[in-house]
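Comments concern the structure below.
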There are 2 protein chains.
Amino acid sequence: MKDRKLLMIPGPIEFTPEVLRAMGMATTSHMAPNFIEVFGQALERLRQVFLCPSGQPFVIAGSGTLAMDITAANLVERGDKALVVNTGYFSDRFAAILERYGATVTQVRAPAIGDAPALEEIEATLKTDSYKLMAVTHVDTSTAVGVDVKGLAALGRQYGALVVVDGVCAVAGEEMRQEEWGIDLALTASQKAIGVPPGLALVVAGPRAMDAFRQRKTAVSNYYADWTQWLPIMEGCESRQPRYFGTPPVNLIWALNVSLGQILDEGMEARFARHRRLSEAFKAAVTALGLRQVPVSPDKTATTMTAPYYPAGVDSKVLKHIEEAGVILAGGLHPAIKDRYFRIGHMGAVSASDILATVGAIETGLARAGYGFEAGVGLAAAQEVLRSA
Amino acid sequence: MKDRKLLMIPGPIEFTPEVLRAMGMATTSHMAPNFIEVFGQALERLRQVFLCPSGQPFVIAGSGTLAMDITAANLVERGDKALVVNTGYFSDRFAAILERYGATVTQVRAPAIGDAPALEEIEATLKTDSYKLMAVTHVDTSTAVGVDVKGLAALGRQYGALVVVDGVCAVAGEEMRQEEWGIDLALTASQKAIGVPPGLALVVAGPRAMDAFRQRKTAVSNYYADWTQWLPIMEGCESRQPRYFGTPPVNLIWALNVSLGQILDEGMEARFARHRRLSEAFKAAVTALGLRQVPVSPDKTATTMTAPYYPAGVDSKVLKHIEEAGVILAGGLHPAIKDRYFRIGHMGAVSASDILATVGAIETGLARAGYGFEAGVGLAAAQEVLRSA
């Protein structure tokens, strides 16, 4: 599929051999006791990875967008007011999904691409009205903007809104303490820092989110997303009682349990620290190479990914050179600046070796594209951070 | 996951080594040219497998229930009238999903469990009102009832209804000629006769279904299922132009393309014939062992699966004995008779060897459960059919 090329996009990422092995195992019955054991264990482990001991996990076949859809479909009723902290493409999407289920959405937009709204501005908006829900994109995959989820969650709680975090490019990479920070629902997709090939929507809903669901006055208008169907399945798996609704994606769930085991073996604190260190090393290399980043400042920047602008005289054709040098990167995604920047994911099982290989391939690609810089300056900057760790 | 035990349930089934290898390959980017090539090829092959040259295929991460949800969400608007030909559990589900999207549903129910409504009765109902859509479950996985899809589709067309076939336990196993028979939409899930681990919802919509979608007066009320988002993605893949909506399940789609290639290498006519022959052999064995089947007559019976009642004095504990003898089977699913019967799937890459192994394990299990019969009588009956082929 990609030979030995490194996949360094913001998902799908490089998966561990053990996870890929689980993907390729001969499938058993979705009702087999050993599968129910694995499914139940995966649910228990999700709580630990999301740091949400009292959360209700949902694992459902679909993409990250389904996880957003599930959230909006179950929590929103027609006429509910929702506040979207807008930091880019995926915040726009969340607003569209919330509206689809009847929410009246107020958006607080970042002053510019690469920026995030100030906490003061969010608070000012929260004061003006009564919001049922506040949605935050932890890392906007389109721009690498990362927000202060802890601060935003505290504000949302203070003003009585359910705090919903789209953690698609964040969970298990960026620091997120769902329960401690008062996040009512966090969601992600399998192919990001969770470390499993694409195909699973993952949601952990805290008690206040589940209460809001239970107190609905109207039925959920989306059948497949409806927790009424899925809650007994998830509860059944945790009590090791197989129950049927839809056939679960057996191999993906087996692989998920393997990956969650590896994540917890590393430990969440060590994992957060590794992501920070490798991100710092990579960003140091990008800066040493003279590339500006889309996020306007370090405190508005993700640790799971980096989004550099191409330097003057270089365009997206450089990605082809970088791939020839062995590393697959992603082009721009935000419509307004799509052709002016590129994206690198460094999350999940990413290592110092991957960081150096990626910086090296970018140096090779930039040189082939005719960009002038001192050979090895990016590698040296990355190594400076890596060796001090 | 299951060692060398044979998985003979009505999905997931036994997958080929090539399909499992694709599942375990190192994942590439969902935008990589070689993945877009594979995705595009899979869409083209779906048209051939569904025998629907002018159909629009959709491949989306999710379960078979999502395929039903996609169908109802895109084709139904509030107040539309829908007719459900009810043959069991999954017809009940289709009715519930259609209602969720605002349809007024009329159901024509089978006179008894294991039976299907007569064509005359369906026609009488079609005459009484103007139905936008008629939904048919080709094979009800809960009972092994198979219906006359060709006859039903002709009736639906005659009376101006969009003909929708839930082919979850049928497509690529049961004979179905979507375009020739006038079926406007057929759907399935990956883990059945299509031969890929669970996680893909597959839909092929004909021109009349696509027209009905394009002529909607209201927006689709389900975001993730909305063809407005997915149509450009599917069209983009077919023209080998990567476009982004949600991240597609890369490994599952790679595996799908492998399996569809294997299906087409066999050829649809040969494949239908093999499924008929193996079904006949298996059902001959079941009859020789003195077991009655849930479907009331051979013309109401699926070829992809068999649902025998337990004989007197035997209950679901026999499934444990059968598994110890090496074959995993499924228990009952239809709530009204759940504990009185069991289910065997024989579809996809199923072989004569699998049929004999399964009959042998059932004989062993029945003997251990104390049921009296002449040893080998089931095997002999199956072999009689198999060797005459």
Condition met for A:Gly102 (under 17 Å from the mean Cα position of the chain (by Cα), of a type in the set (Gly, Ala, Ser) and over 14 Å from A:Tyr131 (Cβ atoms)) = no
May I ask you to list the residues in segment B:319-346 that are in a strand (DSSP E or B) and within 13 Å of chain A (Cβ to nearest Cβ)?
-> B:Val327, B:Ile328, B:Ala330, B:Gly331, B:Phe342, B:Arg343, B:Ile344, B:Gly345
Where a residue in segment A:245-273 is within 22 Å of A:Trp227 (Cβ to Cβ) and its partner, wherever it lies, is modelled with pLDDT under 95 and in a helix (DSSP H, G or I), with Cβ under 7 Å and at least six apart | none
Of the numbered conditions (1) at pLDDT 95 or above; (2) at negative phi, B:Pro335 fails exactly one; give the number of that condition.
-> (1)
Looking at this structure, is A:Val203 assigned to a loop (DSSP other than H, G, I, E, B), hydrophobic (A, V, I, L, M, F, W, C) and under 30 Å from A:Pro17 (Cβ atoms)?
-> no
Which ones in segment A:320-356 are within 20 Å of the chain's Cα centre (by Cα) and among the small types (Gly, Ala, Ser)?
-> A:Ala330, A:Gly331, A:Gly332, A:Gly345, A:Gly348, A:Ala349, A:Ser351
Tally, over segment B:212-233, of residues that are closer than 21 Å to B:Leu202 by Cβ and either β-branched (Val, Ile, Thr) or within 11 Å of chain A (Cβ to nearest Cβ) (or both) | 10
Inside segment A:315-324, the number of residues satisfying the requirement of being buried (at least 18 other Cβ atoms within 10 Å of the Cβ) and either polar (S, T, N, Q) or more than 18 Å from A:Ala381 (Cβ to Cβ) (or both) is 3
When residues of segment A:147-198 are limited to those that are part of a helix (DSSP H, G or I) and aliphatic (A, V, I, L, M), the one surrounded by the fewest Cβ atoms within 10 Å (Cβ to Cβ) | A:Ala154
Residue pairs meeting the criteria (Cβ under 6 Å; at least 6 apart or on separate chains; first closer than 25 Å to A:Glu180 by Cβ and without any contact (Cβ under 8 Å) to a residue 24 or more places away in the chain, in segment A:50-77; second surrounded by fewer than 24 Cβ atoms within 10 Å (Cβ to Cβ) and hydroxyl-bearing (Ser, Thr, Tyr)) = none
Does B:Ala153 satisfy the criteria of being in contact with a Phe, Trp or Tyr (Cβ under 9 Å, 6 or more places away or on another chain) and within 19 Å of B:Asn74 (Cβ to Cβ)?
-> no
Can you tell me which residues in segment B:186-211 are among the charged types (D, E, K, R) and away from chain A (no Cβ under 13 Å)?
-> B:Arg208, B:Asp211
State yes or no: is A:Gln178 in contact with a Leu (Cβ under 8 Å, 6 or more places away or on another chain) and away from chain B (no Cβ under 14 Å)?
-> yes
Only one residue in B:Val286, B:Val220 is under 18 Å from B:Glu77 (Cα atoms), in contact (Cβ under 8 Å) with a residue 60 or more places away in the chain and over 18 Å from the mean Cα position of the chain (by Cα). Which one?
-> B:Val220
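The values are calculated or read from the model by the stated rules, or taken from the named source; none is laboratory data. Because the structure is a prediction, the values reported are computed rather than measured. Backbone-built Cβ (ideal geometry, glycine too); neighbour counts: all protein chains shown.
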